[in-house]
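Reviewing the structure listed below.
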Amino acid sequence: MSAVQWGSVATWVASVGTVAAVSLALWEARRDRKERLRRELKQQAARISAWFVEMEKDSHSDDSPREAGLPTGLRGQAADVELLNNSEDPVTDVLVFLSRVS
């Protein structure tokens with residue numbers, strides 16, 4: 001026999017269906033995991049609050065390059081902000097933006 005035997009059509013259809021089903025299940029599991037993580041982070045963020053306490057002169061300021069974008073009235077100033085964490089998880093890498101509303 002010199003001809004290559006490819007098997008039956010039913011075997012091919014079953015194997016393609018199996019690969020498609022496994023791929024769909026993995027995609028669905030990944031999507032569910034991302035959605036659950038997003039929901040958990042949003043629930044944690046809802047339990048965290050912060051408020052402005054006072055503005056004071058920063059004793060460590062030396063006109064650093066990070067203050068170059070600030071208005072001159074805010075350079076050399078430090079703001080005290082208090083943070084209340086009512087969530088069960090720790091809060092790390094906090095970034096606070098203060099905006100002045102006139």
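The values are calculated or read from the model by the stated rules, or taken from the named source; none is laboratory data. Keep in mind it's a predicted model, so treat the numbers as computed, not measured. Cβ coordinates were reconstructed from backbone atoms using ideal geometry, including for glycine residues, and neighbour counts include every protein chain displayed. These area figures cover heavy atoms from the full protein model, side chains too; ligands, DNA and RNA do not enter into them. Shrake-Rupley method; radii C 1.70, N 1.55, O 1.52, S 1.80 Å.
Is one or more of the residues making up the stretch 21-39 part of a helix (DSSP H, G or I), at pLDDT 85 or above and among the β-branched types (V, I, T)? Walk me through it before giving the result.
Here is the first cut: in the stretch 21-39, the ones part of a helix (DSSP H, G or I) are 21-39.
When the remaining residues are screened for being at pLDDT 85 or above, the result is 21-39.
Now narrow it down to the ones that are among the β-branched types (V, I, T): 22.
Looking for residues that are part of a helix (DSSP H, G or I), at pLDDT 85 or above and among the β-branched types (V, I, T), one finds at least one in the stretch 21-39, hence yes.
The residue that is nearest to R47 (Cα to Cα), counting only those in the stretch 62-102 that are modelled with pLDDT under 80 and among the hydroxyl-bearing types (S, T, Y), is S99. For the stretch 20-38, a residue qualifies if it is open to solvent by 70 Å² or more (accessible area, probe 1.4 Å) and either touching a strand residue (DSSP E or B) at 6+ places or on another chain (Cβ under 7 Å) or more than 30 Å from D80 (Cα to Cα) (or both), and the qualifying residues are V22, L24, L26, W27, R30, R31, D32, R33, K34, E35, R36, L37.
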